[in-house]
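Report on one structure; see the data block that follows.
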Amino acid sequence: MKQDKTYVEDVNRAFYDFRYEDGDSYKVESGLTREIIEQISREKNDPDWMREFRLRSLEIFHAMKMPVWGPSVEGLDMDNIVTYVRPNTERMHTKWEDVPQNIKDTFERLGIPQSERESLAGVGAQYDSELVYHNVRKEVAEQGVVYTDLESAMRGEYADMIRSHFMKLVPPTDHKFAALHGAVWSGGSFVYVPPGASVEIPLQSYFRLNAAGAGQFEHTLIIVDKGAHLHFIEGCSAPKYNVANLHAGCVELYVGEDASLRYSTIENWSKNMYNLNTKRARVEKGGRIEWVSGSFGSHVSYLYPMSILAGEGAQCEFTGVTFAGEGQDLDTGCKIVHGAPDTTSHVNTRSISKSGGVSTFRSAVVVTEKAAGSKSSVSCQSLMLDDISRSDTIPAMDVRTGRADIGHEARIGRISDEAVFYLMSRGLSEEDARALIVSGFAENVSKELPLEYAVEMNNLIRIEMKGAIG
Amino acid sequence: MGTELLRAEDLYVSAEDREILHGVSLRIGRGETHVIMGPNGAGKSTLAGALMGDPSYEVTGGRIFFEGEELQDLSASERARRGLFLSFQNPVEVPGISLENFIRSALEQRTGKKIRIWEFRKQVRKVLETLQMDQSYAERDLNVGFSGGEKKKAEILQMLLLGPALAILDETDSGLDVDAVRTVSQGIREFQKDKSASLLVITHNAAILNSLEVDAVHILADGRIVASGGRELIPAVEEEGFARFEDPQREEAGA
């Protein structure tokens, strides 16, 4: 079944909201005990260090408190979450025809194999807890670029590299859900780009959570070595269930000297999802991290990608859009640590709220005493589409050097009736006029995305705008 | 006189609870160009907005018919789809869509048909040339960062490409320099080449009318049409201003 993604007119919720019975998959019991963690570790054939790492993380998880400073996570009962669901396939494949039919159909409907043929250098596809497909173009592999799942990489020639980087940027002690991730993580991708290599077209990993009441805990570890360049795209979605699902992934990005990495995400979790995700990058001298982040789905999100500018002249650019509709409380933003001289950061975000949705932008910029000559600019704009929605901006700045150039700008507004009438006077319906204005508002992100993802993002806006009238 | 296209009967229109039009009637036939002149604050833009269906105006009395159909309950987009067009005095900036793509999607929504991108692009180029606009405007976001004059030209561009049955031009000439007025009026003449196309030109300045065919001129003052006639009213206004028409004793002027 092929879905046409080209025309903005042709979308409906069914595009993401479909599911398959998971009767033939393997699951652990719900809840979090030492036994369950050991069972997952056995299933995954972990090396000893990893098994110990998981158990230690579990202890940290139990010792830490739930966050109380952000959106409510009361609806999330960890005793009811299944932390590991293995799809009905024994291993990861490199050809789509080998992937089981229902899983293959899922990714076909999401347009992944098609994008792979047309515009990607490599694709990883995760279904529930495990990667089911991973492949990279020959010419990319020939440059020495490694793109595979973390589990197999952990046992191969990159074993030491993984051990010395895994959860070093985001230690399990960081917060309760980082600890949870350390205990139950499964799936995700490992990317290594060797010195000087440049991947011209993007790699993409897509995460699909199909099972009801389950959690997804993929770990993405990317190392871009000296002078190398990469664009990585992460996509995620899930069908809607009446029970809570949990996503607590972890992304660790190491950007070497004079290297650059663009990390793009279009997140469209269903509205029963708790998205408690942690992303962090460390950038060395002269390196550059670019985040492009679109948050549309989930019931509750806590998401603040963090950039540590560790080397002189390191740069960070963060571009984000968050769209909170009915029943959604999305707390998103970013954190930047300027830890070396002459580092720069540039943050540009948009948040949209409608039908009672709550959208909070939270940022922290820390300029240490070592970061003389650094520059930071933060700009966030919010659009509220009605009187019952809410938008908050919570920027924090901690500047510890006298020589830094820091700017912040925040704006909150509404759709102007004049603009709606102008567009309607040309024949657009009120709904289309509003959707067009909102898409334009979010253009800072869509223009940073490859064309087809920009189209997908505008589709998401259009889906969200349906029924926004009246 | 052409067959009737638009008829306004005794319109009373308010904005923010203040009555602005106090019983305006107007009849425009197919292929006719009507001019509305009047001093600032006379209610000219209110009339334009009420005809187009701007929700910030409330029609408290009277009726509007377009091709025999009453417009009262139709939204602006439904009116546009039936062939009405309004060139705005202050066009709105809309980031996120290019001028060309916007006009194309508006046309597609009106006709329900897909338009071939390349053929349409050729048309756009030609009209840009007529209006002495740089070709790059086609790719620029709708009105974003356009100067006042460019915005007005872009309105005329939209009119020419959308091809409405009746175009209402609300002070399209205001704020334009002499050359720009000439260019815009060239564009309007282009529109008049279609013998069934009708125009309602709202202005308080005669310059834009010099090279246009004009079938009727109405003077609007204090929310009422105080005089109607032919082209000869234009020099009368130019020479004497609106003062003589504002005299309540004068119901008719010219012949």
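Rg/Rh for chain B stands at 0.96; both radii use Cα atoms, and Rh follows the Kirkwood definition.
Looking at the range A:377-454, the trypsin sites (Lys or Arg not before Pro) that sit in a DSSP loop and have at most 16 other Cβ atoms within 10 Å of their own Cβ are A:ARG400, A:ARG403, A:LYS447.
Shown for chain A is the translational diffusion coefficient from the Stokes-Einstein equation, using the Kirkwood radius over Cα pairs, a temperature of 37 °C and a viscosity of 0.692 mPa s: 146 µm²/s.
Evaluate Rg over Rh across the range A:361-470, taking Cα atoms for both radii and Kirkwood's formula for Rh. All intermediate terms of the calculation are to be shown ahead of the outcome.
On the way: Rg = 18.4 Å, Rh = 16.6 Å.
Over the Cα atoms of the range A:361-470, Rg/Rh equals 1.11.
Helical runs assigned H by DSSP (4 residues or longer) give chain A a calculated mean residue ellipticity at 222 nm of -6500 deg cm²/dmol, each run adding -39500 (n - 2.57) before division by the residue total.
Shape call for the range A:256-345 from the C-alpha gyration tensor, a ≥ b ≥ c root eigenvalues: rounded (a/c under 1.5), prolate (a/b greater than b/c) or oblate? Prolate shape, in that a/c is at least 1.5 and a/b is the bigger ratio.
Can you give the FRET efficiency to the nearest 0.05 for B:GLU190 and B:SER98, using r as the Cβ-Cβ distance and R₀ = 22 Å? The formula returns an efficiency of 0.50 here. Model label sites at A:VAL243 and A:ILE388, defined 7 Å from Cα along the beta-carbon direction, differ in position by 3.0 nm.
For the range A:418-470, the spread of Cα coordinates along the three principal axes comes to 32, 20, 15 Å, biggest extent given first. Remark: spin-label model distance A:ALA372-A:ARG117 equals 5.9 nm, labels positioned 7 Å along the Cα→Cβ axis. Note that the range B:65-121 carries a Kirkwood radius of 13.3 Å, evaluated over its alpha carbons pair by pair.
What average count of beta carbons from other chains do you get within 10 Å of the Cβ of residues in B:54-64?
1
Compared with the alpha-carbon gap, the fully stretched path from A:GLN39 to A:ARG400 is longer by 125.2 nm at 0.36 nm per residue. Over all pairs of different C-alpha atoms, the range B:24-160 has a mean inverse distance whose reciprocal, the Kirkwood radius, equals 16.8 Å.
What separates the Cα centres of the range A:210-244 and the range A:58-78 is a distance of 21 Å.
Among the GluC sites (Glu not before Pro) within the range A:258-311, not one is in coil by DSSP while having at most 16 neighbouring Cβ atoms inside 10 Å. Round to a whole angstrom and tell me the spacing of the C-alpha centers of the range A:248-270 and the range A:135-170. When both Cα centres are located, 15 Å separates them.
Only one residue of A:ILE60, A:VAL399, A:PHE166 has its Cα farthest out toward the positive end of the dipole of chain A, where Lys and Arg carry +1 and Asp and Glu -1 on Cβ, and that residue is A:VAL399. Note on chain A: dipole from Cβ charges, positive end direction compared against A:GLN315, A:PHE15, A:HIS219; the farthest Cα belongs to A:GLN315. Hull volume per residue, based on the alpha-carbon atoms of the range A:339-416 and their convex hull, is 70 Å³. Remark: A:ASP98, A:ASP342 ranked as A:ASP98, A:ASP342, counting other beta-carbon atoms within 10 Å and listing the fewest first. Cross-link pairs exceeding 28 Å between alpha carbons, from the set A:LYS65/A:LYS447; A:LYS375/A:LYS447; B:LYS151/B:LYS193; A:LYS176/A:LYS285; A:LYS65/A:LYS354; A:LYS44/A:LYS104: A:LYS65/A:LYS447; A:LYS176/A:LYS285; A:LYS65/A:LYS354.
For the range B:59-129, applying the loop criterion from DSSP together with a ceiling of 16 other beta carbons within 10 Å to the GluC sites (Glu not before Pro) yields B:GLU67, B:GLU93.
Remark: the B:ILE115-B:ARG231 segment gains 37.8 nm on full extension, using 0.36 nm per residue and subtracting the alpha carbon distance.
Where does the range A:116-268 land on the Kirkwood hydrodynamic radius, alpha-carbon pairs, in angstrom? If you can, show how the numbers build up before the last one.
On the way: mean 1/r = 0.0632 Å⁻¹.
Computed over the range A:116-268, the radius equals 15.8 Å.
For chain A, the membrane-span-like helix rule (DSSP H, alpha carbon extent of at least 15 Å along the helix axis, mean Kyte-Doolittle at least 0.0) picks out A:430-441, A:451-465; this says nothing about an actual membrane. Only residues of the range B:137-151 count here: report those whose backbone N is under 17 Å from the spot 7 Å along Cα→Cβ of B:ASN205, or say none. From the range B:137-151, the list is B:147-151. The mean number of Cβ atoms from other chains found within 10 Å of a Cβ in peptide A:427-434 is 6, as a whole number.
Take every Cα pair under 8 Å whose residues are at least 6 apart in sequence, average their separation, divide by the length of the range A:8-303, and the relative contact order is 17 percent. Helix B:148-162 and the longest principal axis of the C-alpha atoms of chain B enclose an angle of approximately 80°. Once you reduce the range B:1-55 and the range B:104-182 to the center of their Cα atoms, the two points are 24 Å from each other. Our Cα-only numbers for the range B:135-255 put the radius of gyration and Dmax at 16.0, 53 Å. Less than 5 angstrom separates the built amide H of A:CYS380 from those of A:THR349, A:GLU409, A:ALA410, A:ARG411, all sequence-distant by 5 or more or on a different chain.
Read the figures in this text as sums done on the coordinates, not as results from a lab. What you see is a predicted model, and the numbers here were worked out from it, not measured in a lab. Positions of Cβ are backbone-derived with ideal geometry, glycine not excepted, and every protein chain shown enters the neighbour counts.
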